[in-house]
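Data block below; observations after.
None of the figures in this text is laboratory data; all of them are computed from the coordinates on show. Note that the coordinates shown come from a computational prediction; the quantities given were computed from them, not determined experimentally. Note: ideal-geometry Cβ built from the backbone for every residue, glycine included; neighbour counts use all protein chains shown.
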Amino acid sequence: MKDRAAYIDFIERRYFGGVSAGDLEGVRDCFADDAEVLIRHGDNPERRYSPLPGPGQEPLPSFFEHLCGNYDCWFGEFRHTIDVEGQRAASRFVVRLTPKPGGLYADHPVQQLLNSNFFEFADGRITFMMINYSNAAGPDTPTGYPRG
């Protein structure tokens, strides 16, 4: 990507916009085939995903299917740090997860989280993403993916 604006557009519109819209194919297209996604949530064990999972990784689509199948997601209040030359970005943002009727968490309240993602890119696609997410409501409430 050529400049800071292109990275921000990719992150906010293409990636997070795709998640908000439930566009799983569009979200999948954001990632290189050998991409790795690392999820850190408090003291829970790290979870690793990839579009083509290898040892110790789960299929990346399963994360987004669970998230989008059980929540209406909103992302906003972004703050980005972009390294155009290094093809890296860090984004801090607010997430609002509204449980869908009939979903696994339908009887839970709306959650608002303050998350941060770290991205590495090549050829206009994500090659590595680390998700650090909080759950201000406490450790006993569900977040975007069930505990392992």
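In this structure, Thr98 and Asp23 have a Cβ-Cβ separation that, at R0 = 25 Å, corresponds to a calculated FRET efficiency of about 0.90.
Using the Karplus relation 6.51 cos²θ - 1.76 cosθ + 1.60 with θ = phi - 60°, the per-residue 3J(HN,Hα) values for the stretch 100-111 come to 7, x, x, x, 4, 10, 4, 8, 9, x, 4, 10 Hz, with x marking Gly and Pro. Take the Cα of Asn44, step 7 Å along the line toward its Cβ, and report every residue of the stretch 52-94 whose backbone nitrogen sits under 19 Å from that point. Once the point is set 7 Å along Cα→Cβ of Asn44, 56-75, 93-94 turn out to lie under 19 Å by backbone N, inside the stretch 52-94.
What is the stretch 59-128 by shape, rounded, prolate or oblate, if you read a ≥ b ≥ c off the alpha carbon gyration tensor as root eigenvalues and call it rounded for a/c under 1.5, prolate for a/b larger than b/c, and oblate otherwise? Oblate is the answer for the stretch 59-128, as a/c is 1.5 or above yet b/c matches or exceeds a/b.
Note: relative contact order over the chain, using C-alpha pairs below 8 Å and six or more positions apart, is 23 percent.
What number, in nm² with one decimal, is the all-direction average of the projected area of the convex hull of the alpha-carbon atoms of the chain?
Dividing the Cα hull surface by four gives the mean projection, 8.4 nm².
Applied to the stretch 3-12, the Karplus parametrisation 6.51 cos²θ - 1.76 cosθ + 1.60 on θ = phi - 60° returns per-residue 3J(HN,Hα) values of 7, 4, 4, 5, 5, 5, 4, 4, 5, 7 Hz, with x for Gly and Pro.
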